[in-house]
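See structure below.
The values are calculated or read from the model by the stated rules, or taken from the named source; none is laboratory data. Bear in mind the structure is a predicted one, so any value in this text is a computation, not a measurement. Here the Cβ is made from the backbone with ideal geometry for all residues, glycine too, and neighbour counts use every protein chain on show. Side chains included, ligands, DNA and RNA excluded: accessible areas come from the protein's heavy atoms. Shrake-Rupley method; radii C 1.70, N 1.55, O 1.52, S 1.80 Å.
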Amino acid sequence: MGYFKERLYQQYVILFIFYFMAMSALSSLITVYMRGLGKSGSEISFILILSNVIALIIQGLIGYSNEKWGTRKTVTIYVLFSAVVSLGLFFFTSNWIFGIVYGLANAITLGLAPLFDVLAANSPYKFGQIRLWGTIGYAAGQQISGIIYDFVSPKSIFVLYLVCYLSSILFLYLLPKPAQPIDSTKDLSEKKDEASGGNTIKNIFQNKLFITYLILAFIIFGTNTVNTSYLPLLLTDTGAPVALVSTTLTVALFAEVIAMAFSHRFMDHFTNKQLLLAILFLSGTEYLINFLSSDFLVLSIATVLTKFFASGTFIMLNLKMVSTLLNRKLIATGTAVVAMLSRNIGTIFFQLMAGPIIDQIGLNYLYLLLFVFTVIAAVIALLFKVPAQPKERLFS
């Protein structure tokens, strides 16, 4: 890792650690926090749905802002705005107000994440060498959140969020300007001229393979996001303390770090379909075990061996899929479309079912639903005639 001695690489490391640490502090224990406020499964589900409805709007605004202003200005404006809004998390507990405040803060934090993925893809380094530090930051934030939640106060997780979140703006400006440009900062007409193979902004939705992928991403993102939201509750329902649950999730996150670190060894060597089916197999296995078992050790082992390797690989596969089906110059736009239509709407779809299922028949049965949809996605994936690789290697 000779590049670790390079100042530019260190600047990327600092930026990704702090931004994703902030993301983790805000969202990783939010369902546990809301359960501590006395909210039911339906109320928690309502707040998370509201968050994703807001995210639908925010995602589009962030994409437009990034094209108009560039990444630095976009991140700065949105981070400052959401930091001010998030102060309401310390004072409000009613479903609507808390939901709007959390929804805005979380939607912006997640909405800016695709810009960081594209920033990593366009850096002088391999994608995994940069993006893995985001996962490490997320893991650190999750671990610290669990400790301060138990030993300081539940609201202290929001203090950690604000400190890391605001710090990330400073670290973004450490990057030199030549490392900053991203294709999405160009206007739409420039993108149209640069695109090839008929994959312009105007006819992006006429690409049948891309539409099929949106459906697959809808299921994968939706089930995974709901799983991420409720997994801490599933583990704490076994009687384990929050700090131990956070430790388990942190250990599991290192599977994602491994996936990112060795992405250059496998992401360009296996086909899109092979990677997609492997992700669905791992996710389906986890959901089935979560449905069948209520033992903390069994659930922990399943989480460590399946969830985060699947999640980390899909983060990278999403970039690879968009690059394959569209054009590398449209990665930023394509990933924004996937985030807006598949991740956000997919999460809303599954959250609408999560609350009633949890309240009426139990949290375990939510995982039976996730398993069924994952099997459906696997069937679609088997029939999915996606090209094997993009024209340009992204990870090697």
Members of region 5-52 found to be acidic (Asp, Glu) and modelled with pLDDT of 85 or more, listed by number: 43
Filter pass, residue 231 being assigned to a helix (DSSP H, G or I), assigned by the TED database to the domain that holds residue 211 and farther than 24 Å from residue 48 by Cα: no
Which of the residues that make up region 271-285 are surrounded by fewer than 16 Cβ atoms within 10 Å (Cβ to Cβ) and more than 24 Å from residue 368 (Cβ to Cβ)? 271, 273, 274
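Taking residue 306, is it part of a helix (DSSP H, G or I), closer than 23 Å to residue 249 by Cβ and either open to solvent by less than 10 Å² (accessible area, probe 1.4 Å) or in contact (Cβ under 8 Å) with a residue 24 or more places away in the chain (or both)? Show your work before the answer.
Values: part of a helix (DSSP H, G or I): yes; closer than 23 Å to residue 249 by Cβ: yes; either open to solvent by less than 10 Å² (accessible area, probe 1.4 Å) or in contact (Cβ under 8 Å) with a residue 24 or more places away in the chain (or both): yes.
The answer is yes for residue 306.
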One residue from 170, 188 being modelled with pLDDT under 85, open to solvent by 20 Å² or more (accessible area, probe 1.4 Å), more than 22 Å from the chain's Cα centre (by Cα) and not assigned by the TED database to the domain that holds residue 348: 188
Working only within region 34-45, note down all residues that are hydroxyl-bearing (Ser, Thr, Tyr), part of a helix (DSSP H, G or I) and open to solvent by 10 Å² or more (accessible area, probe 1.4 Å). 42
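Please determine whether any residue of region 64-73 is closer than 26 Å to residue 247 by Cβ and either part of a loop (DSSP other than H, G, I, E, B) or in the same structural domain as residue 346 (by the TED database) (or both). So that I can check it myself, show each step before the final result.
If we filter region 64-73 for residues that are closer than 26 Å to residue 247 by Cβ, which is where we start, we get none.
Scanning region 64-73 turns up no residue that is closer than 26 Å to residue 247 by Cβ and either part of a loop (DSSP other than H, G, I, E, B) or in the same structural domain as residue 346 (by the TED database) (or both).
Kindly check whether there is at least one residue in region 46-60 that is of a type in the set (Ser, Thr, Tyr) and either in contact with a Pro (Cβ under 7 Å, 6 or more places away or on another chain) or surrounded by fewer than 24 Cβ atoms within 10 Å (Cβ to Cβ) (or both). Working first, answer last.
Quick first cut of region 46-60, residues of a type in the set (Ser, Thr, Tyr) only: 51.
Imposing the further condition that a residue be either in contact with a Pro (Cβ under 7 Å, 6 or more places away or on another chain) or surrounded by fewer than 24 Cβ atoms within 10 Å (Cβ to Cβ) (or both) reduces the set to none.
Scanning region 46-60, I find no residue that is of a type in the set (Ser, Thr, Tyr) and either in contact with a Pro (Cβ under 7 Å, 6 or more places away or on another chain) or surrounded by fewer than 24 Cβ atoms within 10 Å (Cβ to Cβ) (or both), so the answer is no.
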Residue 182 under 20 Å from residue 320 (Cβ atoms), under 22 Å from the mean Cα position of the chain (by Cα) and at pLDDT 70 or above: no
Boolean, residue 134 is assigned to a helix (DSSP H, G or I), closer than 29 Å to residue 317 by Cβ and under 13 Å from the mean Cα position of the chain (by Cα): yes
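Looking at 146, 60, 88, which is the one that is assigned to a helix (DSSP H, G or I) and either within 30 Å of residue 393 (Cα to Cα) or within 18 Å of the chain's Cα centre (by Cα) (or both)?
Values: 146 fails: either within 30 Å of residue 393 (Cα to Cα) or within 18 Å of the chain's Cα centre (by Cα) (or both); 88 fails: either within 30 Å of residue 393 (Cα to Cα) or within 18 Å of the chain's Cα centre (by Cα) (or both).
Result of the check over 146, 60, 88: 60.
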Working only within region 265-285, note down all residues that are in contact (Cβ under 8 Å) with a residue 60 or more places away in the chain, assigned to a helix (DSSP H, G or I) and not polar (S, T, N, Q). 273, 276, 277, 280, 281, 284
Residues in region 125-152 that are open to solvent by 10 Å² or more (accessible area, probe 1.4 Å) and within 17 Å of residue 262 (Cα to Cα) total 7
